[in-house]
Amino acid sequence: MDFPSVEAYLSMIQDTAAPIPAALADKPADLREKVWQAIAGAVGQYATADGTIRMENEAICIAGRR
């Protein structure tokens, strides 16, 4: 998965990973900001020289019928 920046990654997570924003919804603004900053810091380790965030991703899809 490639993202043009840490901010782009955070935007995607905020839009698609519902449990994180839901868990933070009733928390004080300063705590929410600290959590997002911590996530941004962790994601920063995947930054390339030009600031692109490049992470490996694996999706396992299982389908079944009865």
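No lab work stands behind these numbers, since they all come straight from the coordinates. This is a predicted model, so every value here is computed, not measured. A quick note on method: Cβ atoms are made from the backbone with ideal geometry, for glycine too, and the neighbour counts reach across all protein chains shown.
Note on the chain: dipole from Cβ charges, positive end direction compared against L31, P21, Y9; the farthest Cα belongs to P21.
Volume of the convex hull of the chain (Cα atoms only), normalised per residue: 106 Å³. Annotation: for a label point projected 7 angstrom from Cα along Cα→Cβ of A17, residues of the range 28-66 with backbone N closer than 16 Å are 32-47, 53-59. For a modelled paramagnetic label at D2, 7 Å from Cα along Cα-to-Cβ, the residues of the range 38-66 in reach, with backbone nitrogen under 20 Å, are 43-59. Taking a Cβ cut-off of under 13 Å around T52, the surrounding Lys, Arg, Asp and Glu residues balance to a net charge of -2, with basic ones at +1 and acidic ones at -1. Over the residues of the chain, the helix contribution to mean residue ellipticity at 222 nm works out to -14500 deg cm²/dmol, using -39500 (n - 2.57) for each DSSP H run of at least 4.
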